[in-house]
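Working notes for the structure below.
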Amino acid sequence: MGVLNSLLKVKPNYVEAITTKGFVFEKMGKQEKANHQYKEALQIYSFKLEKTYSDYINKAFLSLLLYGEKEGLKELEMLNEKYPDKDIEKYIVQFKNFNRQEFINNALN
């Protein structure tokens, strides 16, 4: 966790590092601290002025982690309206088949 904290001192809004801290906390069984990190990352994505397609995907994934499948899928539906030329279906399938425990166990390997 020390490396992530050092990185965040240099670049405080580095959303990938914040999200990874959430994964670490969740793997340690500290769900409240993990959720705090996920909410912080989600807030950064929400207020980013210039969002990329991958930012929207990451935001949808954070919504899945924080609020469940329904909210994650809702984010993907909005993304599908914004980017009709993109293949959102693969993410919909992933969200519907998401195994949180398996993901967390494998996320930091």
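No lab work stands behind these numbers, since they all come straight from the coordinates. Worth saying up front: this structure is predicted, and the values here are computed from it rather than measured. Glycine gets a Cβ as well: all are built from the backbone with ideal geometry, and neighbour counts include every protein chain shown.
Converting phi to 3J(HN,Hα) with the Karplus coefficients 6.51, -1.76 and 1.60 and the offset θ = phi - 60°, the range 9-15 yields 5, 7, 9, x, 9, 6, 4 Hz in sequence order, with x at every glycine or proline. Rounded, prolate or oblate: pick one for the chain, where a ≥ b ≥ c are the square roots of the eigenvalues of its C-alpha gyration tensor, a/c under 1.5 means rounded, and failing that, prolate if a/b is larger than b/c, else oblate. Oblate shape, in that a/c is at least 1.5 and b/c is the bigger or equal ratio. Magnitude of the charge dipole for the chain, about its Cα centre and with charges confined to Cβ atoms of Lys, Arg (+1) and Asp, Glu (-1), is about 420 debye. Taking Cα centre as origin and charging only the Cβ of basic (Lys, Arg, +1) and acidic (Asp, Glu, -1) residues, the dipole magnitude of the range 1-41 rounds to 100 debye.
Suppose we flag trypsin sites (Lys or Arg not before Pro) only when DSSP calls them loop and at most 16 other Cβ atoms lie within 10 Å. Which is the longest uninterrupted stretch of the chain? Counting at most 16 other Cβ atoms within 10 Å as exposed, the longest clean stretch of the chain is 52-85. Pairs from the table (K27/K59; K33/K82; K9/K86; K39/K90; K27/K90; K27/K70) lying more than 29 angstrom apart at Cα are K33/K82; K9/K86.
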